[in-house]
Structures are given as structure tokens and as C-alpha cells.
Amino acid sequence: QVQLVESGGGLVQPGGSLRLSCAASGSRFSINAMGWYRQAPGKTRELVAVRTRRGSTNYADSVKGRFTISTDYAKNTVYLQMNNLKPEDTAVYYCNAETTTRSYWGQGTQVTVSS
């Protein structure tokens, strides 16, 4: 059973920065992709950014140029550097890891952007 442990959420003013971290443990299979999703109140969960083991990266249009995803597959960790945060970035951010057999989710970390 894969466990994902997230950290780094919190309250930040508009224009500020936060860095999220997520470490995966317990996987018997190779993790092929790790990424971040978010869910704001009353909205569906959406992709923020994902990076595969081979280095392919995909970002939501709304975060391009502001967020950067990075991974260390030797440690099965993924990071999300978030700069120039906006109030509309407020959401619960979930870490995701995918193997060839299934997808795993973290418990979520709250990010609130407010003055």
C-alpha cells in the first residue's frame, strides 16, 4: 500500500510563494508519474501539474509561468513551487502518484491565498 505524505500548505498573501512537498513510500511497483491536483470549495478536482519519470511535464493553463513542479524519483518525492499566488489558487492541494496498476492520493493540504 502506497502512502503519500504532503507538507507545505498554509496561508499566504496574494503575490506570495509557497512550496509543497510530497513523499511516497511503500510502493511495490515503480511509480511512473507524480503530480498535484487541487479542489476548491464547490468545484471538481483539477490537475495542477504532473511530471513523469521520463521527465514529461504538464501544467494547467492557469498556473503556467507561476508554478514549477519537480521530482526526485530516487526518493519518490514531488515538489510544487508556487509563486505569485492569487486568491483563485485557494484550494486543497492533493498529491498523486501513479503506478502501472493504480493511482494513489495524499490526504490533501490546504492552501489559502488571502490578504
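The values are calculated or read from the model by the stated rules, or taken from the named source; none is laboratory data. Keep in mind the model is a prediction, meaning the values are calculated, not measured. Virtual Cβ from ideal backbone geometry, glycine too; neighbours counted across all protein chains shown. Side chains included, ligands, DNA and RNA excluded: accessible areas come from the protein's heavy atoms. Shrake-Rupley method; radii C 1.70, N 1.55, O 1.52, S 1.80 Å.
Taking the conditions exactly as written (over 12 Å from Val111 (Cα atoms), open to solvent by less than 40 Å² (accessible area, probe 1.4 Å), touching a strand residue (DSSP E or B) at 6+ places or on another chain (Cβ under 8 Å) and not hydroxyl-bearing (Ser, Thr, Tyr)), does Ala33 satisfy them or not?
yes
Condition first: loosely packed, with under 15 Cβ neighbours inside 10 Å and either of a type in the set (Ser, Thr, Tyr) or at pLDDT 95 or above (or both). Now tell me which residues in the range 94-111 satisfy that.
Thr100, Thr101, Ser103, Trp105, Gln107, Gln110
Tell me which residues, restricted to the range 6-24, are open to solvent by 40 Å² or more (accessible area, probe 1.4 Å), of a type in the set (Gly, Ala, Ser) and assigned to a loop (DSSP other than H, G, I, E, B).
Selection gives Gly15, Ser17.
Counting only residues that are of a type in the set (Lys, Arg) and under 20 Å from Glu88 (Cα atoms), which one in the range 43-57 is least open to solvent (accessible area, probe 1.4 Å)?
So the residue we want is Arg45.
Within the group Ala74, Ala40, Ala91, Ala60, which residue is loosely packed, with under 15 Cβ neighbours inside 10 Å, over 20 Å from Gln3 (Cα atoms) and either of a type in the set (A, V, I, L, M) or in contact (Cβ under 8 Å) with a residue 60 or more places away in the chain (or both)?
Ala40
Of the residues in the range 46-57, how many are farther than 22 Å from Val2 by Cα and of a type in the set (Gly, Ala, Ser)?
Count: 1.
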